[in-house]
Amino acid sequence: MTISNEDEFDALQEIGRIVADTLKAMGGAIEPGMTTAELDAFGRRLLEQAGARSGPELAYGFPGATCISVNEEIAHGIPGNRRIEKGDLVNIDVSAEKNGFFADTGASFTVPPVSRPIERLCRDGKRAMWTGIAQVGADKPLSGIGRAIGAFADKNRYTLVRNLASHGVGRSLHEEPSSISTWPDRSERRIMNDGLVFTVEPFLSLGAEWAEGGGDDWTLYSEPHAPTVQYEHTVVATRGGPVVVTLPG
């Protein structure tokens, strides 16, 4: 969507804070031995207490309030009986709707103890996201996001998953502009207009370049298999640069 007035901006900021607060709380609640279903139930309670509804459940009938992906799962993991263990890499993606507005955020969390390369991957996953966000602004090219993230990945010897893209959000969970590359894409010619709302969500990896489906209709896995992290914010392109609406309160 493109924000056209202050009321829309305020509504987007409200749902942005809700999903951000939920994500932060869920990350802090991770404990070895708990199931991903238990973690998801905690997230659902937080969303409901804030008057919000799960985005993937509402929009697509996803079997859970949030997406929780562990280790080899890199996106759209279904909450269930899988137990989180020490050393795991857990990605949580929280999107929700309130009063007709959607926001989307995500992050990867470690369950200590983990290796130094995994700690570094998480640190640099956040840096890659913020490198892309720095390129956001009215009248700037969308391609600048992917070019900046690609340069960061190359410099630090990472790969990027190239079939999981950023997307427009606001009045629905996924909308135009669709398929915003978080890797260098010479075919990208679109320009960010003032007030444009979308996500920035690179998937940084120690070797994966693709996401492949598995045994269900949702869960995606790294290909080739390698540790992969995702960090995501919902942003607004303005003449003053990026405004991030998915920061915790």
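Each value in this text was obtained by applying a stated rule to the coordinates, not by laboratory testing. Since this is a predicted model, take the numbers as computed values, not measurements. Positions of Cβ are backbone-derived with ideal geometry, glycine not excepted, and every protein chain shown enters the neighbour counts.
Observations on the structure shown:
- Relative counts (whole %) of C-alpha pair distances in region 41-167, using bins that are 5 Å wide: 2, 9, 16, 19, 17, 18, 13, 6, 1, 0
- Computed over the alpha-carbon atoms, region 36-93 gives an Rg to Rh ratio of 0.98, Rh here being the Kirkwood radius from the mean inverse distance.
- Footprinting exposure proxy for Val94, Val236 (fewest neighbouring C-beta atoms within 10 Å first): Val236, Val94
- Candidates Ala211, Ala20, Ala134: whichever shows maximal mean-square fluctuation once the chain is modelled as a Gaussian network with Cα springs under 10 Å: Ala134
- Using a cutoff of 8 angstrom between alpha carbon atoms and counting only pairs six or more residues apart, the relative contact order for the chain works out to 24 percent.
- For region 150-249, a simple Cβ point-charge model (Lys and Arg +1, Asp and Glu -1, everything else neutral) yields a dipole of about 480 debye relative to the Cα centre.
- q = 0.10, 0.14, 0.15, 0.16 Å⁻¹, region 6-244: log10 I(q)/I(0) [Debye, one scatterer per Cα]: -0.42, -0.86, -1.00, -1.14
- Computed over region 1-109, the quotient of the alpha carbon radius of gyration and 2.2 N^0.38 Å is 1.08.
- Mean-position separation - Cα centroids, region 171-249 and region 76-125, in angstrom: 15
- Other residues lying with their Cβ under 12 Å from the Cβ of Met129 contribute a combined charge of 0, Lys and Arg counting +1, Asp and Glu -1.
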